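Novice: I have a structure here, written as structure tokens, and I will follow up with some questions on it.
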Amino acid sequence: MNTSVTTPNAELAKSCLPETSGRHIEIYLDHNATTPVLPCAAEAVMHHMQTCFGNPSSSHSTGIKAKVELEATRQLARQVIGASSGQIVFTSGATEGIQTSIVSALSDAKRRGLGGPETLLLYGATEHKAVPESLKHWNAVLQLNATVQAIPVDQHGILDLKALELLLPKAAMVCTMAANNETGVKQDLLALEQLIRRVNKDVRWMVDCVQALGKMSLDIANTSIDYAPFSGHKLYAPKGIGFLYVRQGSPYQPFIAGGGQEGGLRSGTENLPGIAALHAIFSELLKSTDSVFQNEATLWRFRAQLLAALRELYPDLVLNSDEPYIVPTTINFAVPGFYSKDIMDLFDAAGIRVSSGSACSSKVPTSFVLDAMGLEPWRSQGAIRMSFGPATTQTQIDQACAALHRLTPVVRQCCLVLSDVLSTDTDQCCGVTQLKHEDMCSYLLVCEQSRQAVIIDPVAPLANRLANLVQGQGLTLLAVLDTHQHQDHQSARADLLALLKPEAAADDNLGWPSSQSEINCGQYRLEQLATPGHSSDSRSLLLWRGEQLLGAFVGDLLLPGGCGRLDLPDADANAFVQSLLALKQRIADDTVLLSSHDYAQRFFTTWNIACAEQPLLAQLLAAQLPTQHWLDEINKQSCQLAQSAQYQCGIVEVNLSDAKAIVESQQLDLFLAKYPDCLVVDVREGYEQSAGQLGPYIPATTKVVHVPLSRICWSLMQQELYASQRLLLVCRSGNRSLLAAKILNRAGFAEVYNLKGGIALLC
């Protein structure tokens, strides 16, 4: 389907991306999270669901056949992991295996009289959260009251053996990993074996082998590992099946009691279809020739091929883990200046599925694994995990690399990376673009006609992005301005001045040229208005186009949902009130006001909205409230804020309600047929729109406009959207469009709908 789309990037998207009936081929590179089911495994599942469906506990012929399959798979499991002795217990997956191991070890510790703070329960600092959380849970339930402690790792993610040696004498249990799920880092099990048994031969040792199966050799029998959990769905089996290795003689406490299945080790009727899938997979793993599983050399070659395509896309890419410390199927990387969500959104729009720790939140999440490795915060916040499986084919790798190659012109045209070729697409950031890092806001003002720009309130984490936009589009930077000296963070103004060398001389400490009363940026001009109070140097910047006031950058004077603090050094409460009154006289009630902070994900405010959200402020501005009364209330709130330290620079009431107008994905066609006048608003960023257009998913007659979330305030300033319009907001997952719906509801838009689940549910 073709769609009427208003977008500056439409031609770019058309030229860069393949024609696949309008939709992308899905490139799945998130195998460490889960894998597709192999055809042979799926066939085995169906066969045992429909034909060999017997209960292994039944004594008749059908049950006997099921029992034979069960035991045959158990023997194959032994061969795959190199366990000639010990128990193989089929489970629902790795989480159950981890729980069973921990319950067994801790129950044994209690029987031996261990416990109390002096007893240690150790786990690797980069372990899957299932391990430390299970340790804490069962430590409390069993009232062992031991100390749960992490074993530190080095910058490569390798366990610190010297630290472990000091902790081992007091340890009742040690939990480590064979290979890490985020980084692919593999531990030296032989070195661990030698250390653990030399220092504490009685400690119980569990090794999480979930990410090791099919990727590294295992010889469990020649180790003293007590427990080793495995998961089926990480190696092409269905979800809901796994197995646990238990060393001969190691203590065991059944986690599930009942009918006595699995020799009394795990009750409940066995998941025979899932076990049959494991049988098929184990058979493939054990083949000497013609197996669907690749050898290690081939997997390393696949990794090198993917990495080369990634480096072409992002030349500044930094690997968070690398040879020789990893299994070949995982690439964990970060790109300076980008959060993981930015890259994941771009990849997802292009049909490339990868993993990150990001979520739609006002806070930028970090990777606890990379934090434990001591890597820089930007690498943790920007981490992307690209993972393939041991059954991945050359064709699939070629398709993945081709998809990455097709993104290269997109990231250059959208100035996500610097290129030798300047972008001429100034429409993507003309006017005002709002960039956010956690609760901090930076702004880029661009005149598309003169190709001039001004940066306002730059924060360090956004400096690279701002510089790329200015340099990538060949803009003339006139000034880098701050609205005040920020007390909660370091301004990036000095760094940007040194890098970009703006035309105007910065004569004061906020970047304003003292020789100019205004800064003219093509058709726009900025006028400064002194608004002290939050700080003595605070000023607001009024944005004009001709004689039309478009908006104002108000720093921390007025915040979306609140106002700036008055208990900080250099604050002046009386001056603050006078500044509010002075700004009120210059600004219309519906003029968009842009702040340096946005603690409530509201993006902007106006006098009308501010007065509705803050009744005392409304009374103050209407001269219906004594100034001192208002100040007393603000000081009271500031004292409470100082105790909680929730918001550093302002007082905000967070009470946004969920948007109620929801359109389910399966109702989309009916909704658009019912409301043919509805305007579909794509709130994804320009690079996402270029990488994957909305057209294939909606009727051809539907009118679509692109209003990225970073430019929704500019759209309101421009009056490109009208409160009387019926709007359907769309993004990748439904989260950003829901946020945009709240923003527009707050601005007085009544007929605003959100596509629940976003484009992801239309694919």
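The values are calculated or read from the model by the stated rules, or taken from the named source; none is laboratory data. What you are looking at is a predicted structure, and each value in this text was computed from that prediction instead of being measured. Note that we place each Cβ from the backbone using ideal geometry, even for glycine, and neighbour counts take in every protein chain shown.
Novice: Scan Asp425, Asp348 and give me the residue that is modelled with pLDDT of 90 or more, within 19 Å of Arg684 (Cβ to Cβ) and buried (at least 19 other Cβ atoms within 10 Å of the Cβ).
Specialist: Numbers: Asp425 fails: modelled with pLDDT of 90 or more.
Just a single option satisfies the conditions, and that option is Asp348.
Novice: Identify, from the list Gln528, Gln516, the residue that is out of contact with any Pro (no Cβ under 7 Å at 6 or more places or on another chain) and either part of a helix (DSSP H, G or I) or surrounded by fewer than 17 Cβ atoms within 10 Å (Cβ to Cβ) (or both). Let's see the steps before the verdict.
Specialist: Working: Gln528 fails: either part of a helix (DSSP H, G or I) or surrounded by fewer than 17 Cβ atoms within 10 Å (Cβ to Cβ) (or both).
Answer to the check: Gln516.
Novice: How about the stretch 98-147: which of its residues are under 28 Å from the mean Cα position of the chain (by Cα), in a loop (DSSP other than H, G, I, E, B) and closer than 26 Å to Gln87 by Cα?
Specialist: As a first pass, look at the stretch 98-147 and keep what is under 28 Å from the mean Cα position of the chain (by Cα): 98-99, 123-137.
Next, only the ones that are in a loop (DSSP other than H, G, I, E, B) stay: 125-129.
Hits for the stretch 98-147 are Glu127, His128, Lys129.
Novice: Could I ask something else about it? Pairs, please: C-beta under 6 Å, at least 6 apart or cross-chain, first residue in contact (Cβ under 8 Å) with a residue 24 or more places away in the chain and in the stretch 675-697, second in a helix (DSSP H, G or I) and acidic (Asp, Glu)?
Specialist: Going by the 6 Å Cβ cut-off, the qualifying pairs are Glu688/Asp345.
Novice: I'm trying to understand the selection: among the residues of the stretch 711-735, which are under 25 Å from the mean Cα position of the chain (by Cα) and more than 20 Å from Pro696 (Cβ to Cβ)?
Specialist: Arg711, Ile712, Cys713, Asn735
Novice: While we're here: Out of Arg301, Arg353, report the one residue that is surrounded by fewer than 20 Cβ atoms within 10 Å (Cβ to Cβ) and over 15 Å from the mean Cα position of the chain (by Cα).
Specialist: Numbers: Arg353 fails: over 15 Å from the mean Cα position of the chain (by Cα).
Only one candidate qualifies: Arg301.
Novice: Kindly list, by first and then second residue, each pair from a residue in the stretch 71-93 that is part of a loop (DSSP other than H, G, I, E, B) to a residue that is β-branched (Val, Ile, Thr), limited to pairs with Cβ atoms under 6 Å and residues at least 6 apart or on different chains.
Specialist: Listed pairs, sorted by first residue: Gly82/Ile220; Ala83/Ile220; Gly86/Val246.
Novice: What is the residue count in the stretch 301-358 for residues that are assigned to a helix (DSSP H, G or I), over 23 Å from Val153 (Cβ atoms) and of a type in the set (D, E, K, R)?
Specialist: Residues that pass the stated criteria total 7.
Novice: One residue is enough: does the stretch 73-81 have a residue meeting the conditions surrounded by fewer than 22 Cβ atoms within 10 Å (Cβ to Cβ), assigned by TED's automatic domain parsing to the domain that holds Val207 and modelled with pLDDT of 95 or more?
Specialist: no
Novice: Also, I was wondering about something else. Name the one entry in His279, His233 that is under 32 Å from the mean Cα position of the chain (by Cα), surrounded by 15 or more Cβ atoms within 10 Å (Cβ to Cβ) and on the phi < 0 side of the Ramachandran plot. Let's see the steps before the verdict.
Specialist: Values: His279 fails: under 32 Å from the mean Cα position of the chain (by Cα).
Answer to the check: His233.
Novice: Check Ala228 against each of (1) more than 20 Å from Ala171 (Cβ to Cβ); (2) in a strand (DSSP E or B) and name the one condition it does not meet.
Specialist: With (1) more than 20 Å from Ala171 (Cβ to Cβ); (2) in a strand (DSSP E or B) applied to Ala228, the lone miss is (1).
Novice: May I ask you to verify whether Pro169 is of a type outside the set (S, T, N, Q), surrounded by fewer than 20 Cβ atoms within 10 Å (Cβ to Cβ) and closer than 17 Å to Val369 by Cβ? Before you say what the answer is, go through the steps one by one.
Specialist: Numbers: of a type outside the set (S, T, N, Q): yes; surrounded by fewer than 20 Cβ atoms within 10 Å (Cβ to Cβ): yes; closer than 17 Å to Val369 by Cβ: no.
So Pro169 does not fit the description; no.
Novice: Looking at Arg385, Arg412, can you tell me which residue is in contact (Cβ under 8 Å) with a residue 60 or more places away in the chain and outside any helix (DSSP H, G or I)? Walk me through it before giving the result.
Specialist: Numbers: Arg412 fails: outside any helix (DSSP H, G or I).
Sole residue among the options that is in contact (Cβ under 8 Å) with a residue 60 or more places away in the chain and outside any helix (DSSP H, G or I): Arg385.
Novice: Would you pick out the residues in the stretch 225-257 that are within 29 Å of Ala191 (Cα to Cα) and of a type in the set (Phe, Trp, Tyr)?
Specialist: Tyr227, Phe230, Phe243, Tyr245, Tyr252
Novice: Of all residues in the stretch 719-753, count the ones that are within 26 Å of Tyr687 (Cα to Cα) and among the acidic types (Asp, Glu).
Specialist: Adding up the residues that qualify gives 1.
Novice: Additional query: Do we have any residue at all in the stretch 484-498 that's assigned by TED's automatic domain parsing to the domain that holds Asn574, surrounded by fewer than 16 Cβ atoms within 10 Å (Cβ to Cβ), among the hydrophobic types (A, V, I, L, M, F, W, C) and touching a strand residue (DSSP E or B) at 6+ places or on another chain (Cβ under 8 Å)?
Specialist: no
Novice: Of all residues in the stretch 541-570, count the ones that are under 23 Å from Leu435 (Cβ atoms) and charged (D, E, K, R).
Specialist: 2
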